[in-house]
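K.L.:
Please read through the structure below; I'll follow up with questions.
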Amino acid sequence: MIYLDNNATTRLDPRVLEAMMPFLTEEYANAASTHPFGVRAHEAVKLARQQVAQLLGCEPTELIFTSGATEAINLAIKGVADSYASRGKHIVTVQTEHTAVLDVCRYLEGRGYEVTYLPVQPDGLLDLATVQQAIRPDTILVSVMAVNNETGVIQPIQQIAELAHAAGALFMTDATQAVGKMPLDVEQLGVDLLMFSGHKLYGPKGVGGLYVRHRKPRRVKMDALLHGGGHERGMRSGTLNVPGIVGLGQAAELCRQTMKEETVRIEALRDELEAGLLAIPGTRVNGNRAHRLYNTTNILFEGCDSDAMIMGLEGIAVSNGSACTAASVDPSHVLLAMGLNETEAFSCLRFSLGRFCSETDINICESLLGEVVGRLRSYAL
Ligand SMILES: Cc1ncc(COP(=O)(O)O)c(C=O)c1O
């Protein structure tokens, strides 16, 4: 398999598995137990918390481990909505957010909250004036993703956070596609809540987390979603997933150490692939090419159905926009929000590169795709 679908999930790094192994075998004690075995598990979780905190520039105590980004998003939006309801019931988000954010917002709309779904420009970027106009005195939360999973477009979250704060609202960012791939410092960016998933950064599936600001200039108040044994300072009850958390910590540490050189290497491969694909007539890139994560390219192939292209690309894993939504047959809501029509949205492929991609992978993909596109277009004649 040639794997160019790293925004869907990444391969577990063997060094991460190695760090997890003891906690999947002999070191199985509960991190909440007071005997020496429990203390060892607790210490391992503590180290992982420090490793993630270092990657994000936060305090270890500002992290809540969850089962992944979806849970973290649910906890943050619902928790903040409940907690700040007496101040206001208005939330601002964007049409191109992941469905985890959009669906939670729709759920809250059914419970008396009002949500503004901001449009994006044709290149996928938000216009800051549009954001400013949407924020009202009763806005409690502004939620804008750091990096779009389908196009790689990077939003100006620092400026958006400033706009939110100027109006007294909190700022949250779904950073699932950004954490571990680009430098992110919650202090510098002024983020109040941030979510991520282990499996997007070469860690295991089923683990992720939420950063919640406790430090100045504001302490976020939030109600819990899961009640029980009071784990994670009462914010997420349930026995800790020690092997998963250890893996997440190790994955975060490896990303921190290798980010600089990975960025250069992967960007060069992505650019090579993109140039090769754009040499095929009737193609164009979706999303702002300058404000874009270095691993992603989303390309429209005129007159070619994306499912047919995926079938033709046997042995190569790429995706069409809707891949993140289980078994969806709808056109990508992200591409539609960027102004593509349905036929165009069904003619796009997302290529997302990662740590284990090689030049050979790229070359094979380029030449095979040229053949597939040629074949599909010849059928249409
Ligand atoms: C931007 C973004 N947010 C949230 C999620 C949800 O992550 P998970 O399925 O790991 O909970 C994804 C995963 O596809 C994503 O790309």
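The numbers here are math on the coordinates, done by the rules we state, and not lab data. All values derive from a computational prediction rather than experimental measurement. For neighbour counting, all protein chains shown are included, and Cβ atoms are generated from backbone atoms with ideal geometry for every residue, glycine included.
K.L.:
Confirm whether residue 251 is more than 26 Å from residue 122 (Cα to Cα) and surrounded by 15 or more Cβ atoms within 10 Å (Cβ to Cβ).
P.N.:
Numbers: more than 26 Å from residue 122 (Cα to Cα): yes; surrounded by 15 or more Cβ atoms within 10 Å (Cβ to Cβ): yes.
Yes; evaluated as a whole, the condition is true for this residue.
K.L.:
Another one. Which one is surrounded by the fewest Cβ atoms within 10 Å (Cβ to Cβ), of the residues in the range 62-87 that are away from the ligand (no atom under 15 Å from the Cβ) and of a type in the set (S, T, N, Q)?
P.N.:
Per the stated criteria, the residue is 86.
K.L.:
Only strands (runs of 3 or more DSSP E) wholly contained in the range 57-133 count here; list those with 1 or more residues that are closer than 18 Å to residue 179 by Cβ.
P.N.:
Numbers: elements: 63-66, 90-94, 114-118.
Here the list reads 63-66.
K.L.:
Surrounded by fewer than 21 Cβ atoms within 10 Å (Cβ to Cβ) and within 16 Å of the ligand (Cβ to nearest atom), is that true of residue 317?
P.N.:
Details: surrounded by fewer than 21 Cβ atoms within 10 Å (Cβ to Cβ): yes; within 16 Å of the ligand (Cβ to nearest atom): yes.
Answer is yes for this residue.
K.L.:
Go through the range 1-56 residue by residue and tally those that are in contact (Cβ under 8 Å) with a residue 24 or more places away in the chain, farther than 16 Å from residue 240 by Cα and not in a helix (DSSP H, G or I).
P.N.:
Total satisfying the criteria: 13.
K.L.:
Moving to a separate point now. Give the residue, chosen from 192, 174, 185, that is within 16 Å of the ligand (Cβ to nearest atom), under 21 Å from the mean Cα position of the chain (by Cα) and not polar (S, T, N, Q). Let's see the steps before the verdict.
P.N.:
On the way: 192 fails: within 16 Å of the ligand (Cβ to nearest atom); 185 fails: within 16 Å of the ligand (Cβ to nearest atom).
The conditions single out 174.
K.L.:
Moving on to the next point. Any residue in the range 160-170 that is of a type in the set (Val, Ile, Thr) and either part of a helix (DSSP H, G or I) or within 11 Å of the ligand (Cβ to nearest atom) (or both)? Before the answer, list the steps.
P.N.:
Going residue by residue through the range 160-170, those that are of a type in the set (Val, Ile, Thr) are 160.
Within this subset, residues satisfying the condition of being either part of a helix (DSSP H, G or I) or within 11 Å of the ligand (Cβ to nearest atom) (or both) are 160.
Yes, that holds for at least one residue.
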